[in-house]
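Have a look at the structure below, then the notes.
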Amino acid sequence: MNAPAPLDEFGYRKWTVTDIRALIDQGLMDHQDPYELIDGVLYEMPSEGFDHVDLKNLLAEWLIKHPQLRGLRVIVDSTLYLSETNAPDPDIYVYPRDIPLRELKGSDVRLVVEVANSSLRKDQVLKAPLYERFGVQEYWILDLETRTFEVRRLSSDGTYGEAETVSADGRIACGSIEGLNFSLADLTPEG
């Protein structure tokens, strides 16, 4: 096992993916524990709630069935390994099917979607800059309270710039997946 990172002068320690895997292997942490690693800090993930789970799953089902996503893989509730100190758990992410998951880089990811209720501020303040820094092409945050989307797209200078807000009855034209456009009205339990 690798030696854990030393404490800084204030007693703070940065974690790595290797550290977390070692804790899991030793039975000190469960791989299902609701944490995500961002810049070496373990953040507890809040409980999702019924609305969160319903919308996330409806959106994932819609994406999986969408013809514009042929050749792309839709991943739900799985860690996105960006670096040794960055392993967030987005609600949904989409990337080319021909890239093995263990070789996936942030710049390969076409779309990340976070469904936010109590996590809205973390999704905006911590995750948006993280996804931007690793070159995730497009990032959507669905605010459960207002039923609006914040849409961020990577520009040619490698930044997201100003977020676009799309209302519940508006449509999002996905910039990273040609021909994909979406509205909350598209989500029905029947598909």
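When you scan the range 71-81, do you find a residue that is touching a residue at least 12 places away in the same chain (Cβ under 8 Å), hydroxyl-bearing (Ser, Thr, Tyr) and not in a loop (DSSP other than H, G, I, E, B), even just one?
Checked against the condition, which is being touching a residue at least 12 places away in the same chain (Cβ under 8 Å), hydroxyl-bearing (Ser, Thr, Tyr) and not in a loop (DSSP other than H, G, I, E, B), the range 71-81 yields no hits at all.
Suppose the filter is open to solvent by 70 Å² or more (accessible area, probe 1.4 Å), within 14 Å of Thr85 (Cα to Cα) and either in contact with a strand residue (DSSP E or B) (Cβ under 7 Å, 6 or more places away or on another chain) or at pLDDT 85 or above (or both); does Tyr35 pass it? If you could, list the steps in order and put the result at the bottom.
Values: open to solvent by 70 Å² or more (accessible area, probe 1.4 Å): yes; within 14 Å of Thr85 (Cα to Cα): yes; either in contact with a strand residue (DSSP E or B) (Cβ under 7 Å, 6 or more places away or on another chain) or at pLDDT 85 or above (or both): yes.
Yes, satisfied.
What is the residue count in the range 74-85 for residues that are in contact with a strand residue (DSSP E or B) (Cβ under 6 Å, 6 or more places away or on another chain) and either over 30 Å from Lys14 (Cβ atoms) or not aromatic (Phe, Trp, Tyr) (or both)?
So the count comes out to 5.
Hey, can you tell me all the residues within the range 40-62 that are in contact with a Lys or Arg (Cβ under 8 Å, 6 or more places away or on another chain) and open to solvent by 50 Å² or more (accessible area, probe 1.4 Å)? Before you say what the answer is, go through the steps one by one.
Applying the first criterion (in contact with a Lys or Arg (Cβ under 8 Å, 6 or more places away or on another chain)) to the range 40-62 yields 40-41, 43, 48.
Selection gives Tyr43, Glu48.
Of everything in the range 107-129 that's open to solvent by 30 Å² or more (accessible area, probe 1.4 Å) and of a type in the set (A, V, I, L, M), which residue is nearest to Ser167 (Cα to Cα)?
Taking the candidates together, the pick is Leu120.
Can you work out which of the residues in the range 152-177 that are assigned to a loop (DSSP other than H, G, I, E, B) and β-branched (Val, Ile, Thr) is most open to solvent (accessible area, probe 1.4 Å)?
Kept after step one, since they are assigned to a loop (DSSP other than H, G, I, E, B), are these residues of the range 152-177: 154-163, 167-171, 174-177.
Within this subset, residues satisfying the condition of being β-branched (Val, Ile, Thr) are 159, 177.
Working: Thr159: 53, Ile177: 4 Å².
Selected residue: Thr159.
Mind checking which residues of the range 87-140 are of a type in the set (Val, Ile, Thr), in contact with an Asp or Glu (Cβ under 7 Å, 6 or more places away or on another chain) and modelled with pLDDT under 95?
Of all residues in the range 87-140, those of a type in the set (Val, Ile, Thr) come to 92, 94, 99, 109, 112-113, 115, 125, 136.
With in contact with an Asp or Glu (Cβ under 7 Å, 6 or more places away or on another chain) added as a condition, the list becomes 99, 113, 115.
Hit for the range 87-140 is Val115, nothing else.
Condition check ((1) within 23 Å of Ser155 (Cα to Cα); (2) of a type in the set (A, V, I, L, M)) across all residues:
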site: Tyr43; (1), (2): no, no
site: Gly49; (1), (2): no, no
site: Gly71; (1), (2): no, no
site: Val94; (1), (2): yes, yes
site: Gly106; (1), (2): yes, no
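Can you name every residue in the range 85-98 that is over 19 Å from Leu144 (Cβ atoms) and either in contact with a Pro (Cβ under 9 Å, 6 or more places away or on another chain) or open to solvent by 30 Å² or more (accessible area, probe 1.4 Å) (or both)?
Listed by number, the residues that qualify are Thr85, Arg97, Asp98.
Just for the range 130-151: of the residues that are out of contact with any helix residue (DSSP H, G or I) (no Cβ under 6 Å at 6 or more places or on another chain) and touching a residue at least 60 places away in the same chain (Cβ under 8 Å), which one is surrounded by the fewest Cβ atoms within 10 Å (Cβ to Cβ)?
That would be Leu130.
Among the residues of the range 109-128, write down those that are assigned to a helix (DSSP H, G or I) and either among the aliphatic types (A, V, I, L, M) or within 18 Å of Ser156 (Cβ to Cβ) (or both).
We begin by selecting, within the range 109-128, every residue assigned to a helix (DSSP H, G or I); these are 120-128.
Correct list: Leu120, Val125, Leu126, Ala128.
The values are calculated or read from the model by the stated rules, or taken from the named source; none is laboratory data. What you see is a predicted model; the values in this text were computed from it and never measured. Here Cβ is always computed from backbone atoms with ideal geometry, including for glycine, and neighbour counts include all displayed protein chains. Please note that ligands, DNA and RNA were not included when accessible areas were found on the heavy atoms of the full protein model with its side chains. Shrake-Rupley method; radii C 1.70, N 1.55, O 1.52, S 1.80 Å.
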